[in-house]
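Worksheet: one structure, shown below.
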Amino acid sequence: MSATPDIGPPPLGPRHWPTWLGIGAMALLARLPWSWQRALGRRLGALLCTLLGERRRIAQRNLELCFPKLDAAARDELLREHFRSLAIGVFEFTRAWWGSVASLRRGLVVEGLEHIEAARADGRGVIVVSGHFTTLEVCGRLMCDHIPLAGMYRPHAQPAMEWAVRRGRARYAAAMFPKQDVRGAVKHLKRGGLLWYAPDQDPSRGDSVYVPFFGRPAHSLTSTHQLARMSGAAVVLFQHARRADGGYTLKLWPAFDDFPSKDATVDTARVMAGIETMARAAPAQYLWIHRRFKRTPDGVSPYA
């Protein structure tokens, strides 16, 4: 059922050489000891918080919108911790794609695998829904040790990076479907496959509705509802987090009851509420540098 049986030859023309140099550097960083990567990530995070002024302002505004009861000092500390998590996440991405996760398996906690087994008992596929957390790639790879996850993803604009990442993911993912390949994803689910999916960013296209997210109307894709409707798949939430001791906890929730319903807005609100719960459990690890509320019902952006 793999959607990437042959990724073809790598693009090696001169215009791709700068990208390959970057890929080579990241592949080398992926081989550093995990304790070094965490330490470097914390220091790099402080630097990124200073250098990435626009992204810092977006994250600051998101934290103001989503945690209005926190005082300024607490939000500032959460912001700094978020950038530390982002930088550690860079090392996690490279390790997931091109390195070894053997050391990360030590101390790994996995909960809720029985919910996947229950959802698949009658041959159904399962949409495994998560959000855009800094840990998403490495935790997806770790979960692939336990269940055969496929994924949907946004292709990279750089052909060399796209080739390298697809090759890296092919080592552990059951299949990878570009976001445009809805037909392939639905076919995978109809065959009883598992599909990892993150529907929590403000979409540029596709069927969408406004539903609550951290108490604010958030422009959200109805795609989880649509995929479940077209494939008959169950929907299970996938919660994951990096612990303070450097280990990871992966948790699968029970499948949603009565999903999909006849109402795409109701279903989308349920999915976003679940992702909000997961974000509140590990707030520094959620991707706050994304303009989650850039579209509003009144047309006034809170980032202006």
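The values are calculated or read from the model by the stated rules, or taken from the named source; none is laboratory data. These numbers were taken from a predicted model, which means no experiment stands behind them. With ideal geometry, Cβ positions are generated from the backbone for all residues, glycine too; neighbour counts draw on all protein chains shown. Areas reflect the complete protein model, heavy atoms only, side chains present, ligands, DNA and RNA absent. Shrake-Rupley method; radii C 1.70, N 1.55, O 1.52, S 1.80 Å.
For region 23-39, name all the residues that are touching a residue at least 40 places away in the same chain (Cβ under 8 Å) and either closer than 14 Å to T94 by Cα or buried (at least 17 other Cβ atoms within 10 Å of the Cβ) (or both). Before you say what the answer is, go through the steps one by one.
As a first pass, look at region 23-39 and keep what is touching a residue at least 40 places away in the same chain (Cβ under 8 Å): 23, 26-27, 29-35, 37-38.
Scanning region 23-39 gives I23, M26, A27, L29, A30, R31, L32, P33, W34, Q37, R38.
How about region 103-125: which of its residues are modelled with pLDDT of 95 or more and at positive phi?
Residue satisfying the conditions is G112 alone.
Quick one: how many residues across region 192-202 are in contact with a helix residue (DSSP H, G or I) (Cβ under 8 Å, 6 or more places away or on another chain) and open to solvent by 10 Å² or more (accessible area, probe 1.4 Å)?
Going residue by residue through region 192-202, those that are in contact with a helix residue (DSSP H, G or I) (Cβ under 8 Å, 6 or more places away or on another chain) are 194-200.
Still in the running and open to solvent by 10 Å² or more (accessible area, probe 1.4 Å): 196-198.
Looking only at that region, the number is 3.
Could you say whether any residue in region 42-49 is farther than 19 Å from A281 by Cβ, assigned to a helix (DSSP H, G or I) and touching a His at 6+ places or on another chain (Cβ under 9 Å)? Before the answer, list the steps.
Residues of region 42-49 farther than 19 Å from A281 by Cβ: 42-49.
Next, only the ones that are assigned to a helix (DSSP H, G or I) stay: 42-49.
This time we only want the ones that are touching a His at 6+ places or on another chain (Cβ under 9 Å), so: 45, 49.
Scanning region 42-49 turns up at least one residue that is farther than 19 Å from A281 by Cβ, assigned to a helix (DSSP H, G or I) and touching a His at 6+ places or on another chain (Cβ under 9 Å).
Could you pull out the residue among T94, T134, T50 that is open to solvent by 70 Å² or more (accessible area, probe 1.4 Å) and either more than 22 Å from R171 (Cβ to Cβ) or not small (G, A, S) (or both)? Give the derivation first.
On the way: T94 fails: open to solvent by 70 Å² or more (accessible area, probe 1.4 Å); T134 fails: open to solvent by 70 Å² or more (accessible area, probe 1.4 Å).
Matching residue, one of T94, T134, T50: T50.
Could you grab me the full set of residues in region 170-186 that are touching a helix residue (DSSP H, G or I) at 6+ places or on another chain (Cβ under 7 Å) and either open to solvent by 50 Å² or more (accessible area, probe 1.4 Å) or basic (K, R) (or both)?
none
Go through (1) in contact (Cβ under 8 Å) with a residue 12 or more places away in the chain; (2) more than 30 Å from L195 (Cβ to Cβ); (3) part of a helix (DSSP H, G or I) for T19 and report which single condition fails.
Looking at each condition in turn, T19 falls short on (2).
Somewhere in region 105-114, is a residue under 27 Å from G151 (Cβ atoms), in contact (Cβ under 8 Å) with a residue 40 or more places away in the chain and crowded, with 19+ Cβ neighbours inside 10 Å? Please lay out each step first, then the result.
Kept after step one, since they are under 27 Å from G151 (Cβ atoms), are these residues of region 105-114: 105-114.
Remaining after also requiring in contact (Cβ under 8 Å) with a residue 40 or more places away in the chain: 105-113.
With the extra rule that they be crowded, with 19+ Cβ neighbours inside 10 Å, the set shrinks to none.
No: region 105-114 contains no residue that is under 27 Å from G151 (Cβ atoms), in contact (Cβ under 8 Å) with a residue 40 or more places away in the chain and crowded, with 19+ Cβ neighbours inside 10 Å.
Restricted to region 140-161, and to residues that are closer than 22 Å to G8 by Cα and either among the basic types (K, R) or more than 17 Å from the chain's Cα centre (by Cα) (or both), which residue is most open to solvent (accessible area, probe 1.4 Å)? Give the steps one after another, and end with the answer.
Going through region 140-161, the residues closer than 22 Å to G8 by Cα turn out to be 150-161.
Restricting the remaining residues to those that are either among the basic types (K, R) or more than 17 Å from the chain's Cα centre (by Cα) (or both) gives 154, 157-161.
On the way: R154: 152, A157: 103, Q158: 91, P159: 52, A160: 0, M161: 32 Å².
Applying the filter and picking the extreme gives R154.
Going by the conditions given, is G53 out of contact with any helix residue (DSSP H, G or I) (no Cβ under 9 Å at 6 or more places or on another chain) and under 21 Å from L252 (Cα atoms)?
Values: out of contact with any helix residue (DSSP H, G or I) (no Cβ under 9 Å at 6 or more places or on another chain): yes; under 21 Å from L252 (Cα atoms): no.
No; evaluated as a whole, the condition is false for this residue.
Is it fair to say R75 is in a helix (DSSP H, G or I), open to solvent by 80 Å² or more (accessible area, probe 1.4 Å) and either modelled with pLDDT of 95 or more or polar (S, T, N, Q) (or both)? Break it down into steps so the answer makes sense when it comes.
Values: in a helix (DSSP H, G or I): yes; open to solvent by 80 Å² or more (accessible area, probe 1.4 Å): no; either modelled with pLDDT of 95 or more or polar (S, T, N, Q) (or both): yes.
For R75, the condition - in a helix (DSSP H, G or I), open to solvent by 80 Å² or more (accessible area, probe 1.4 Å) and either modelled with pLDDT of 95 or more or polar (S, T, N, Q) (or both) - is not met.
Pairs, please: C-beta under 7 Å, at least 6 apart or cross-chain, first residue under 10 Å from G41 (Cα atoms) and modelled with pLDDT of 95 or more and in region 85-102, second open to solvent by 10 Å² or more (accessible area, probe 1.4 Å) and polar (S, T, N, Q)?
From residues that are under 10 Å from G41 (Cα atoms) and modelled with pLDDT of 95 or more, the pairs are S85/Q285.
Please work out which one of (1) of a type in the set (D, E); (2) over 30 Å from R61 (Cα atoms); (3) in contact with a helix residue (DSSP H, G or I) (Cβ under 7 Å, 6 or more places away or on another chain) is the condition E114 fails and give its number.
With (1) of a type in the set (D, E); (2) over 30 Å from R61 (Cα atoms); (3) in contact with a helix residue (DSSP H, G or I) (Cβ under 7 Å, 6 or more places away or on another chain) applied to E114, the lone miss is (3).
Six or more apart or on different chains, Cβ under 8 Å: which pairs go from a residue in region 275-304 that's of a type in the set (D, E) to one that's at pLDDT 95 or above? Could you list them?
As it stands, the answer is E276/F213; E276/F214, since those pairs meet every condition given.
Taking R167 and the conditions (1) open to solvent by 60 Å² or more (accessible area, probe 1.4 Å); (2) on the phi > 0 side of the Ramachandran plot, which numbered condition does it fall short on, given that it satisfies the others?
The failed condition is (2).
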